[in-house]
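The values are calculated or read from the model by the stated rules, or taken from the named source; none is laboratory data. Because the structure is predicted, anything quoted here is derived from the model rather than measured. Cβ placement follows ideal geometry from the backbone for every residue including glycine, while neighbour counts extend to all protein chains displayed.
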Amino acid sequence: MLVKWPYQTSDMREPATASPLLALTGITKRFLGVTALNGVSFELRRGEVHALCGENGAGKSTLMKILSGQLQPDAGEIVYKGAPVRFASTPQAQAAGVAMIHQELNLVPHLSVAENIFLAREPRRGPFIDRRRLHAESRRCLDRLGVDIAPQAIVRTLSVAQRQMVEIAKALSIDAEVLIMDEPTSSLTESETELLFKVIAELRRAGVALVYISHRLDEMARIVDRVTVLRDGRHVSTGDFAASSVDEVVERMVGRALEDKFPPPTRVPSSEVLLSVRGLARRGVFEDVGFELRRGEILGFAGLMGAGRTEVARAVFGADLPDTGTVRLGGEALQIRSPRDAIRHGIAYLSEDRKGHGLALNMTVAHNVSLANMAGVANALGFIRFEREASVAQRYIDSLAIRTPSTRQAVRLLSGGNQQKVVIAKWLFRDSRVLFFDEPTRGIDVGAKYAIYKLLDELAAQGIGVVLISSELPEILGMTDRVAVFHAGRLRTVLDTRHTDQEEVMQHASGLAATETP
Amino acid sequence: MNDKQKDLFQKFAALASLFGLTIVFAFVSDAFLTVGNGMTVALQVTSIAYLGIGATCVIITGGIDLSVGAILALSGVVSALAVKAGAPVPAGMLAGVLVGALCGVVNGVAVTWLRLPPFIATLGMMLVARGVALQITDAKAIGSLGDSFAEIGNGSLWRVATVGADGFPDVSFPGIPYPVLLMVLLAVAVAVMLNRTTLGRHLYAIGSNSEAARLSGVNVRGVTLFAYVLSGTLAGLTGCVLASRLVTAQPSEGLMYELDAIAAAVIGGTSLSGGVGTISGTVIGAFVIGILRNGLNMGGVSAFTQQIVIGMVILLTVWIDQMRHRR
């Protein structure tokens, strides 16, 4: 089941009440001389889902952090339920009924679901935790969401989607009237997204005001009432979502008309096999995976979450060692025992988890860019040539349009999309013959996405073999030459992108189609 | 403020407190601000500085080395025993340093290949090294090691002295003690390694995000191992220099020195969560501790009170550091 949603379903949309529950006016916030927000206004009504759109670094997260008490504005006013307020801290905002669910979920992995929901607010009997009430009340919150999670379950054992439900349950337990969701669907599968949307509709009916931040404009159409667009820290527009098309929203976000989602291909895939993988297996993770990557082509890896796409890429790269299988590059059999070996042979892997696996967040932009290719900025004795390192970083800042005050900025201070560009720059600087891109556009705005697509095409045009792992089917279909479809740890088939469609790919990905030998 | 400026600020704060202490103690005691006492302080600081330089590298990778105090004792007695057994002094000292390096290898292997938490691995080494040192000496000090053994710890460069009429030397300039010279050389060499070389960059990268470093092709195990070997080697060197200074090797030498080393690094702005730290900061930190001890001594403050003061200084510095980062 995928896409082509009815633009909107009537049962999810009842008119929201008109009086604003919350109004932010003239909010200004500066960070060390950089103006993140400049006189931004934002209004929220009871029982509406209000989308907040903008490119990376437009100020969405900053605005919501101010609303939820994590940051203090330099100027501006917040009026909540008719009275001016200033939330000095998150607990203070929560006490007033404003809760935020972060992209990186904030749960304690080793505690149970119930303990997380009532963390620091545990029901007590005397000095002891009242376990019975703790579990009963957690149960009640979870039931309201209609999700089947045991209050006793340890959070570490839950899927990302379940953890998100726990976060929402936590918000419900404090009787949140304003709920802010930052990229809630970015790591959910289709069916999990479906469940989330049901929950959102439910909350909306109950009168909760929801702020919804997402880069997936297509899915917004189903749940969003109004949309506010920010650009460069300024308010651009607010209006009914139904009245404005997705394209219009995108235009307002980037400040110009966007012709195409995908660049026209300039690459010409050759028939020469560059990378050949045979009989690759990791016990319990994936079995008997074999595929060929040709010079100058973009090969897609499609499949549902947990199908084994990322795991296969990591095994080829040496990040996890496979139990069996052979990898040949340009006809030569490789012994890859670590990422170091793979990189030496010209294979690079750009991880889907940029904060966990991609970046040294405390280090500077320049230091991150050079990390995979120190020899490229150092002399023969291993002494770093700083001017060279800075000029290399500057080159990529210019060519990838990375928004940073300087090459010496710590990466942790950049916005998500710009962080992603730094990771990409790191691998571009390390000349490679094969590049695995795992979800390169996740959490990235439309303008930047286009730039990354163009880059993938250019790399392939230079004769590099590119593997694009993506959960977004339109991206797979728009950008690849062939697509390898995974299901449950097996490579089901390899399709020619020109002669396939979403339905066929989904059938293989969900295991419905008969298996073909790839 | 970018990170470079923050770094400067941190150093400036530590440096300012160093000057502050010097001024206060100069008022308390007339003998404090003299060339002779300056050299004494520098000499006393050397041990903390050697160990602190090693500790800084280990802490930058996100680890910790608790074994340096014990390794120091073991290395000292090994070199003394070797010399007693007839080995020439340089060979005996080399043996001591190598024992330290070997302990560092064991620490590094335990942390990287056996994947033990650094705290546990080096805690084990602390007990083992101390135990061995006590065992091979029967818990007795080894004395009368001879003049040549004392040279490196007590000699100095550019010492100007004339033998007076009474037969005693008349010192017009005490010279620069060899241990102080060694400290400067080590500090410069390791600072250059950390700042300017690929190896140093990899140390920071591992401390900042070891998985990202591994996936970027950094030899995480090798580089981490290097940090522990460096720390062990420097501990071995400290043991030899200290034994030479006292012309005695004690198996109970260097008790709690590992904590001084860690404190020096932390006062100097090294973060225990890894990825942050400088040698210049650590050297300043070592001097803060050394001057506090020396000044309090001259002011007649008891050893117990000194501990209390130094403990509070550590808490205060780290608290200020945390406050600054939280903003």
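Structure summary
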{"read-out": "Residues of region A:366-393 satisfying the condition of being touching a residue at least 24 places away in the same chain (Cβ under 8 Å) and more than 11 Å from chain B (Cβ to nearest Cβ)", "value": "A:A390, A:V392, A:A393"}
{"read-out": "Strands (runs of 3 or more DSSP E) wholly inside region A:261-326 that include at least 3 residues being farther than 27 Å from A:S159 by Cβ and in contact (Cβ under 8 Å) with a residue 24 or more places away in the chain", "value": "A:273-282, A:286-294"}
{"read-out": "Residue count, region A:342-369 (criterion: closer than 17 Å to A:L435 by Cα and either of a type outside the set (K, R) or in a loop (DSSP other than H, G, I, E, B) (or both))", "value": "14"}
{"read-out": "Count - residues of region B:198-213 that are within 22 Å of the chain's Cα centre (by Cα) and of a type in the set (S, T, N, Q)", "value": "0"}
{"read-out": "Residue count for region A:188-202, restricted to those that are in contact (Cβ under 8 Å) with a residue 40 or more places away in the chain, charged (D, E, K, R) and under 17 Å from A:A307 (Cβ atoms)", "value": "1"}
{"read-out": "Unmet requirement for B:T122, which otherwise passes all of (1) farther than 30 Å from B:Y228 by Cα; (2) part of a helix (DSSP H, G or I); (3) among the hydroxyl-bearing types (S, T, Y)", "value": "(1)"}
{"read-out": "Members of region A:331-341 found to be more than 8 Å from every other protein chain (Cβ to nearest Cβ) and either under 19 Å from A:G358 (Cβ atoms) or crowded, with 16+ Cβ neighbours inside 10 Å (or both), listed by number", "value": "A:L334, A:I336"}
{"read-out": "Hits in region A:395-439 (condition: aromatic (F, W, Y) and within 13 Å of chain B (Cβ to nearest Cβ))", "value": "A:W427, A:F429, A:F436"}
{"read-out": "B:V171 out of contact with any His (no Cβ under 9 Å at 6 or more places or on another chain) and either within 14 Å of chain A (Cβ to nearest Cβ) or surrounded by fewer than 19 Cβ atoms within 10 Å (Cβ to Cβ) (or both)", "value": "yes"}
{"read-out": "Residues of region B:184-224 that turn out to be basic (K, R) and surrounded by 22 or more Cβ atoms within 10 Å (Cβ to Cβ), as a count", "value": "1"}
{"read-out": "Test: residue in region A:216-224 that is more than 26 Å from A:P20 (Cβ to Cβ), part of a loop (DSSP other than H, G, I, E, B) and not assigned by TED's automatic domain parsing to the domain that holds A:R403", "value": "yes"}
{"read-out": "Counted residues, region B:248-273 - those being out of contact with any strand residue (DSSP E or B) (no Cβ under 6 Å at 6 or more places or on another chain), not in a loop (DSSP other than H, G, I, E, B) and not charged (D, E, K, R)", "value": "9"}
{"read-out": "Options A:S244, A:S187; residue that is polar (S, T, N, Q), assigned by TED's automatic domain parsing to the domain that holds A:A176, part of a loop (DSSP other than H, G, I, E, B) and crowded, with 19+ Cβ neighbours inside 10 Å", "value": "A:S187"}
{"read-out": "Count of residues meeting criterion [assigned to a strand (DSSP E or B) and farther than 11 Å from B:A42 by Cβ] in region B:161-188", "value": "8"}
{"read-out": "Selected residue (only one of A:K4, A:K60 is outside the structural domain of A:Y212 (by TED's automatic domain parsing) and at pLDDT below 90)", "value": "A:K4"}
{"read-out": "Selection status of B:V128, farther than 26 Å from B:V184 by Cβ and buried (at least 19 other Cβ atoms within 10 Å of the Cβ)", "value": "no"}
{"read-out": "Residue check, B:V301 part of a loop (DSSP other than H, G, I, E, B) and either away from chain A (no Cβ under 14 Å) or touching a residue at least 12 places away in the same chain (Cβ under 8 Å) (or both)", "value": "yes"}
{"read-out": "Top-ranked residue of region B:150-160 - restricted to ones that are of a type in the set (G, A, S) and assigned to a helix (DSSP H, G or I), ranked as surrounded by the most Cβ atoms within 10 Å (Cβ to Cβ)", "value": "B:G153"}
{"read-out": "Conditions (1) out of contact with any helix residue (DSSP H, G or I) (no Cβ under 6 Å at 6 or more places or on another chain); (2) in contact (Cβ under 8 Å) with a residue 12 or more places away in the chain; number of the one not met by A:F128", "value": "(2)"}
{"read-out": "A:V423 vs. criteria in the same structural domain as A:R295 (by TED's automatic domain parsing) and touching a residue at least 12 places away in the same chain (Cβ under 8 Å)", "value": "no"}
{"read-out": "Members of region A:140-161 found to be crowded, with 18+ Cβ neighbours inside 10 Å and without any contact (Cβ under 8 Å) to a residue 40 or more places away in the chain, listed by number", "value": "A:C141, A:L142, A:I149, A:P151, A:A161"}
{"read-out": "Members of region A:353-362 that are within 19 Å of B:S271 (Cβ to Cβ) and either more than 8 Å from every other protein chain (Cβ to nearest Cβ) or surrounded by 24 or more Cβ atoms within 10 Å (Cβ to Cβ) (or both)", "value": "A:K355, A:L359, A:A360"}
{"read-out": "Filter pass, B:R245 being within 11 Å of chain A (Cβ to nearest Cβ), on the phi < 0 side of the Ramachandran plot and part of a helix (DSSP H, G or I)", "value": "no"}
{"read-out": "Any hit, region A:482-489, residues being closer than 27 Å to A:N362 by Cα and in contact with a Gly (Cβ under 9 Å, 6 or more places away or on another chain)", "value": "no"}
